[in-house]
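Enquirer: Before I ask anything, here is the structure I am working with.
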Amino acid sequence: MSYSAAPNRYERIPYRRVGGSGLVLPALSLGLWHNFGDSTPLDTQRALLRTAFDLGINHFDLANNYGPPYGSAEINFGRLLREDFRAYRDELILSTKAGWDMWPGPYGQGGGSRKYVLASLDQSLRRLGVDYVDIFYSHRFDPHTPLEETAGALADAVRQGKALYVGISAYSEGKTREIAALLREHRVPLLIHQPAYNLFNRWLEKDLLATTEELGAGVIAFTPLAQGLLTDKYLHGVPADARVNRPGGASLRPEYLSEANLRRARALNEIARRRGQSLAQLALAWLLRDARVTSALIGASRPEQLVENVAALDNLAFDAEELAEIDQHAAASGVNLWDRPYTDWKD
């Protein structure tokens, strides 16, 4: 059956300007990390994308290594783009990234070299079946490659028309300043930073948020629900269908589900109930309370989860007492796969 998008799709979600640019993103964006590989039925992926777009989520975030297996998320999305969304391409914001290992040999092991970054982008464009992506990210800082080389490769992606904008992910505050300055030398602005950020992982509040604001860059937060810990899924134990038990789910480490973390999650859940929200809705609303956060990058395995998450936008206001109570439980909880920005990825 052919797909026609909902005519009222832009009435549900607010859009926020990305830093000082002319681009806007929906307050919630859809990440295709875990649920768009070959282990997820294509019909499920189709339902997720259609539901998201009908709700007003027009930003789909990918990376070269999303799956499993690597590359399959881009291949699957490319097929669904051709079959369902080709007519809507100019309404969509498509992003992808290069930084992690992708193919055998020294040039495919990730990082920030010109060889790897531009080859990876070309591969992503072929898998997606598009001429360009809207945002292309350096997925991680590479201590073994001069940052000038990475910045030059990103700038050339823009000059070649293969990306409209460039961003970075999981860079420290210091390296963010450095690459922004290098990109300016190429007359290419740093559009956006994609860091891990949630109630249990607040490292960027120390200085990164202030830095991105100063640089005129946006922020899109990934893992806003702490790999599912900030949902009701684990409040009463680990269900059999939990991500930790599924292919590609190793990012949710068993130690994250410690009793101390679950106790914090249950306390936050009580605050959410008083606000008339689910725990996930509270977690998303809390992120979006800060205007410097352009968008929160959500994942979903069922369309119903997207509907629930979008409902978080119905109540983004917090009073001082609520924020103070949340702070009592929103402590660093060791839920940070990407803690290496603290050390700038030094070996």
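The values are calculated or read from the model by the stated rules, or taken from the named source; none is laboratory data. The structure presented is a predicted model; accordingly, all values stated were derived computationally and were not measured. All Cβ positions, even for glycine, are placed from backbone atoms using ideal geometry, and neighbour counts span all protein chains on display. These area figures cover heavy atoms from the full protein model, side chains too; ligands, DNA and RNA do not enter into them. Shrake-Rupley method; radii C 1.70, N 1.55, O 1.52, S 1.80 Å.
Enquirer: Inspect region 331-343 for any residue being of a type in the set (Lys, Arg), over 18 Å from Leu32 (Cα atoms) and modelled with pLDDT under 95 and give the result as yes or no.
Expert: The answer is yes, given that some residue of region 331-343 is of a type in the set (Lys, Arg), over 18 Å from Leu32 (Cα atoms) and modelled with pLDDT under 95.
Enquirer: Answer yes or no: is there a residue in region 49-65 that is more than 30 Å from Arg292 (Cα to Cα) and under 17 Å from the mean Cα position of the chain (by Cα).
Expert: Within region 49-65 (the criterion being more than 30 Å from Arg292 (Cα to Cα) and under 17 Å from the mean Cα position of the chain (by Cα)), the answer is no, since none of the residues qualifies.
Enquirer: Looking only at region 13-32, count every residue that is among the polar types (S, T, N, Q) and either open to solvent by less than 10 Å² (accessible area, probe 1.4 Å) or without any contact (Cβ under 8 Å) to a residue 60 or more places away in the chain (or both) and tell me the total.
Expert: Within region 13-32, residues that are among the polar types (S, T, N, Q) and either open to solvent by less than 10 Å² (accessible area, probe 1.4 Å) or without any contact (Cβ under 8 Å) to a residue 60 or more places away in the chain (or both) number 1.
Enquirer: Does Thr231 satisfy being touching a strand residue (DSSP E or B) at 6+ places or on another chain (Cβ under 7 Å) and either surrounded by 23 or more Cβ atoms within 10 Å (Cβ to Cβ) or outside any helix (DSSP H, G or I) (or both)? Steps first, please.
Expert: Details: touching a strand residue (DSSP E or B) at 6+ places or on another chain (Cβ under 7 Å): no; either surrounded by 23 or more Cβ atoms within 10 Å (Cβ to Cβ) or outside any helix (DSSP H, G or I) (or both): yes.
When the stated conditions are applied, Thr231 does not pass them.
Enquirer: Turning to a different aspect of this structure: Suppose we filter Ser95, Ser21, Ser113, Ser4 for residues that are of a type outside the set (Val, Ile, Thr), modelled with pLDDT of 95 or more and within 15 Å of the chain's Cα centre (by Cα); which single one remains?
Expert: Numbers: Ser21 fails: within 15 Å of the chain's Cα centre (by Cα); Ser113 fails: within 15 Å of the chain's Cα centre (by Cα); Ser4 fails: within 15 Å of the chain's Cα centre (by Cα).
After ruling out the rest, the residue left standing is Ser95.
Enquirer: Answer yes or no: is there a residue in region 200-217 that is under 24 Å from Ala163 (Cβ atoms), in a loop (DSSP other than H, G, I, E, B) and out of contact with any Pro (no Cβ under 6 Å at 6 or more places or on another chain).
Expert: Yes; the residues of region 200-217 include at least one that is under 24 Å from Ala163 (Cβ atoms), in a loop (DSSP other than H, G, I, E, B) and out of contact with any Pro (no Cβ under 6 Å at 6 or more places or on another chain).
Enquirer: Residues in region 61-80: is at least one among the hydrophobic types (A, V, I, L, M, F, W, C) and open to solvent by 50 Å² or more (accessible area, probe 1.4 Å)?
Expert: yes
Enquirer: Please determine, by comparing only the residues of region 45-54 that are surrounded by fewer than 21 Cβ atoms within 10 Å (Cβ to Cβ) and of a type outside the set (Asp, Glu), which one is farthest from Asn76 (Cα to Cα).
Expert: Taking region 45-54 and keeping what is surrounded by fewer than 21 Cβ atoms within 10 Å (Cβ to Cβ), we get 45-47, 50-51, 54.
So of that shortlist, the ones also of a type outside the set (Asp, Glu) come out as 45-47, 50-51.
Working: Gln45: 8, Arg46: 9, Ala47: 13, Arg50: 14, Thr51: 17 Å.
Filtering first and then ranking leaves Thr51.
Enquirer: Residues Asp43, Asp54: which one is without any contact (Cβ under 8 Å) to a residue 12 or more places away in the chain and acidic (Asp, Glu)? Outline the logic, then answer.
Expert: Numbers: Asp54 fails: without any contact (Cβ under 8 Å) to a residue 12 or more places away in the chain.
When all the criteria are applied, what remains is Asp43.
Enquirer: Something else now. Does region 290-297 contain at least one residue that is within 23 Å of Arg266 (Cβ to Cβ) and open to solvent by less than 10 Å² (accessible area, probe 1.4 Å)? Working first, answer last.
Expert: Here is the first cut: in region 290-297, the residues within 23 Å of Arg266 (Cβ to Cβ) are 296.
Then drop every residue that is not open to solvent by less than 10 Å² (accessible area, probe 1.4 Å), which leaves 296.
Checked region 290-297: at least one residue is within 23 Å of Arg266 (Cβ to Cβ) and open to solvent by less than 10 Å² (accessible area, probe 1.4 Å).
Enquirer: On to the next question. Hey, can you tell me all the residues within region 55-112 that are aliphatic (A, V, I, L, M) and in a loop (DSSP other than H, G, I, E, B)?
Expert: Within region 55-112, Ile57, Leu62, Ala63, Leu92, Met102 qualify.
Enquirer: Return the only residue of His186, His193 being of a type outside the set (A, V, I, L, M, F, W, C) and under 15 Å from Phe141 (Cβ atoms).
Expert: On inspection, the qualifying residue turns out to be His193.
Enquirer: Could you please let me know if Leu42 is farther than 27 Å from Gln281 by Cβ and open to solvent by 30 Å² or more (accessible area, probe 1.4 Å)?
Expert: Considered against the rule, which asks whether it is farther than 27 Å from Gln281 by Cβ and open to solvent by 30 Å² or more (accessible area, probe 1.4 Å), Leu42 comes out as yes.
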